[in-house]
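Student: Before I ask anything, let me first share the structure, which is written out below as structure tokens.
The values are calculated or read from the model by the stated rules, or taken from the named source; none is laboratory data. In this text the structure is predicted, and so the values were computed from the model without any measurement. Cβ placement follows ideal geometry from the backbone for every residue including glycine, while neighbour counts extend to all protein chains displayed. Just the protein is used for accessible areas: all its heavy atoms, side chains included, with ligands, DNA and RNA removed. Shrake-Rupley method; radii C 1.70, N 1.55, O 1.52, S 1.80 Å.
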Amino acid sequence: MDYVKYKTDCLDELKGFLTLEKKRPVLFIGSGLSQRYLKIPDWKGLLDALCKSPVKMPRPLKYYLQSTNGDYPKVADKLKQKYFNYFWKHEKEYPDYLFSEKENKDIFLKYSISKIIEQHDIQLNSDSLWNNPEIKALKKVNPQMILTTNYDLLLEKIFPKYDSYIGQDSIKSNLNDFKIMKIHGSVTDPKSIVIDTADYNQFAIRQEYMVAKLLTYFVEYPIIFMGYSVSDSNIKNILSSVKKIMTPAKNMSIPKLNNIFFVEWNDKKNPTPNSIPSEKIINLGNGNGIKVNYLYLDEFENLFAAISQNSIDINVLKTVNRTIDNIIKSSSITNLEVDVASIDYLKDPQMFLSLLQKPDMMLSLSTLKSANQLASEFSFTPTKLAEVAHYSNWQFLYRDIDAISKEYKVDIRKTNNQFHTSISGGINRYSKMALELLLDYQKEKPLKKYFDKNK
């Protein structure tokens with residue numbers, strides 16, 4: 001087959017899907033990427049390293065794999081007891097907190113895992129890493145969210161504007177976008193690492209809750225799996241949970257998730273197959289399976305270029321999300337009426353986006369602490385302000401505000417100031433000082449004192 005044409009066609013199809021959906025992708029990233037860029041060992045390689053240091057296991061890894069039928073968590077169980085005994089014999093050589101009665105006995109194994117990975121994380125300061133064309137291309141991607149089973153810090157370094165949530169915190173956290181969810185833990189918190197049978201049993205319980213919580217993403221967003229093998233047990237377990245909450249199509253024995261794309265690494269050492277399918281059946285066990293879109297690639301620079309999208313600064317978008325979330329959750333939501341005058345701004349997406357990019361808008365969004373703060377400091381909607389200031393409607397209110405703005409060269413309605421604030425470019429609120437200003441204006445009193453304070 002013409003492999004170059006295959007890659008071009010499948011990447012064009014992926015890019016076309018993203019363009020049609022008009023949504024950023026959700027990246028689901030496995031250990032393959034950490035192996036690729038930091039040379040961090042995969043799960044089997046990690047267990048092999050643990051069999052050799054700091055604890056020297058009496059037998060090689062293949063013995064433990066054979067005795068457990070290749071069950072990696074069960075191999076970790078065998079290592080856990082050996083590490084527990086070893087560390088207590090060498091207590092003075094390790095940090096005191098490891099030996100606290102509050103810590104689980106598996107903390108010693110997990111601490112050792114974090115130390116192995118930290119040795120590879122040193123490469124995060126390497127110029128060669130950041131000059132890698134694939135890493136440069138990946139940094140230009142603005143995913144909606146990143147989920148990963150990796151423990152290392154590569155993703156935090158590539159996406160510094162994304163908030164990172166670890167283990168239980170990733171599941172408990174609010175579903176705000178632009179975050180890295182490290183569902184199997186992180187080297188920054190060794191006890192969060194998922195590695196042995198007990199960890200996986202607990203994770204299996206949390207996993208279906210996590211998938212249910214992320215249902216909107218699994219159903220509505222393009223999901224791209226990379227750094228995994230199609231036989232990876234993590235992927236099988238997650239896709240099994242996704243399948244349980246799907247509504248199966250009629251006359252379809254094996255359902256297909258059209259929004260899921262599975263990227264598999266084509267090692268150039270192996271010959272390229274004569275044909276490559278455009279979709280793959282993931283065997284979920286017990287006669288169950290699920291179809292996903294499939295890409296078999298020998299380089300990722302063009303993949304990352306295909307899924308990159310132009311975007312407003314991520315910090316701005318995160319602040320918008322937090323602000324809207326504050327309004328929705330506020331106990332004073334009944335005091336936050338959004339009237340005709342303010343909702344009109346949100347009816348025009350282009351106006352909304354242009355307002356977001358104004359310099360003062362970022363200040364307005366970032367300084368707002370909560371909807372309760374808004375209600376107390378800026379208590380009037382435009383309609384309410386018009387009512388208490390004795391205007392027949394908000395249009396006449398705006399007429400006078402604009403006249404004052406012109407005279408004193410301060411655009412009250414389009415900036416954030418002591419009279420007015422705007423949330424997300426759409427919800428406008430006015431202060432008690434704005435009411436006093438308007439009442440004095442109606443009585444033709446001098447207004448200079450208000451603007452002297454504003455200087």
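Student: If you go through the stretch 385-395 one residue at a time, how many are of a type outside the set (Asp, Glu), under 19 Å from LYS443 (Cβ atoms) and either surrounded by 14 or more Cβ atoms within 10 Å (Cβ to Cβ) or at pLDDT 90 or above (or both)?
Tutor: Number of matching residues: 6.
Student: Output the residues belonging to the stretch 261-301 that are of a type in the set (D, E, K, R) and open to solvent by 80 Å² or more (accessible area, probe 1.4 Å). Don't jump to the end; show me each part of the working.
Tutor: Let us first name the residues in the stretch 261-301 that are of a type in the set (D, E, K, R), namely 264, 267-269, 279-280, 291, 298-299, 301.
Once the filter is applied, which keeps residues that are of a type in the set (D, E, K, R) and open to solvent by 80 Å² or more (accessible area, probe 1.4 Å), the stretch 261-301 yields LYS268, LYS269, GLU301.
Student: Kindly provide the set of residues from the stretch 80-103 that are open to solvent by 90 Å² or more (accessible area, probe 1.4 Å) and touching a helix residue (DSSP H, G or I) at 6+ places or on another chain (Cβ under 8 Å), ordered by number.
Tutor: Correct list: TRP88 only.
Student: Now, a different point. Only one of (1) free of Cβ contacts under 8 Å to residues at least 60 places away in the same chain; (2) charged (D, E, K, R); (3) touching a Ser or Thr at 6+ places or on another chain (Cβ under 6 Å) fails for GLU91. Which number is that?
Tutor: (3)
Table: residues versus (1) buried (at least 17 other Cβ atoms within 10 Å of the Cβ); (2) farther than 20 Å from GLU299 by Cβ; (3) touching a Leu at 6+ places or on another chain (Cβ under 9 Å).
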site	(1), (2), (3)
LEU20	no, yes, no
ARG24	yes, yes, yes
GLY30	yes, no, no
TYR37	yes, no, yes
LYS44	no, yes, yes
LEU50	yes, yes, yes
LYS62	no, yes, no
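Student: Can you tell me which residue in the stretch 64-79 is most open to solvent (accessible area, probe 1.4 Å), limited to those that are under 15 Å from PHE108 (Cβ atoms) and under 32 Å from the mean Cα position of the chain (by Cα)?
Tutor: For the stretch 64-79, the residue satisfying everything is ASP77.
Student: Okay, next question. Within the stretch 116-166, track down each residue that is in contact (Cβ under 8 Å) with a residue 12 or more places away in the chain, open to solvent by 40 Å² or more (accessible area, probe 1.4 Å) and polar (S, T, N, Q).
Tutor: Correct list: GLN123, ASN132, SER164.
Student: Do any residues in the stretch 1-30 that are acidic (Asp, Glu) have Cβ atoms under 9 Å from those of residues that are at pLDDT below 90 and not in a loop (DSSP other than H, G, I, E, B), where the two are at least six apart or on different chains, and which pairs are they?
Tutor: What qualifies is GLU21/GLU220.
Student: What's the number of the condition LYS269 fails, among (1) farther than 25 Å from LEU11 by Cα; (2) free of Cβ contacts under 8 Å to residues at least 12 places away in the same chain?
Tutor: All conditions pass for LYS269, except number (1).
Student: So, in the stretch 413-437, of the ones that are buried (at least 22 other Cβ atoms within 10 Å of the Cβ) and assigned to a loop (DSSP other than H, G, I, E, B), which residue ends up modelled with the highest pLDDT?
Tutor: PHE419
Student: Only one residue in SER170, SER186 is open to solvent by less than 10 Å² (accessible area, probe 1.4 Å), in contact with a strand residue (DSSP E or B) (Cβ under 6 Å, 6 or more places away or on another chain) and modelled with pLDDT under 95. Which one?
Tutor: SER170
Each row is one residue, and each column tells you yes or no for (1) open to solvent by less than 20 Å² (accessible area, probe 1.4 Å); (2) closer than 20 Å to ASN286 by Cα; (3) touching a Lys or Arg at 6+ places or on another chain (Cβ under 8 Å); (4) of a type in the set (S, T, N, Q).
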residue	(1), (2), (3), (4)
ASN201	no, yes, no, yes
MET210	yes, no, no, no
LEU214	yes, no, no, no
VAL230	no, yes, yes, no
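Student: Here's a follow-up. If we scan the stretch 236-245, do we find a residue that is touching a Leu at 6+ places or on another chain (Cβ under 7 Å), open to solvent by less than 50 Å² (accessible area, probe 1.4 Å) and modelled with pLDDT of 90 or more?
Tutor: No, every residue in the stretch 236-245 fails to be touching a Leu at 6+ places or on another chain (Cβ under 7 Å), open to solvent by less than 50 Å² (accessible area, probe 1.4 Å) and modelled with pLDDT of 90 or more.
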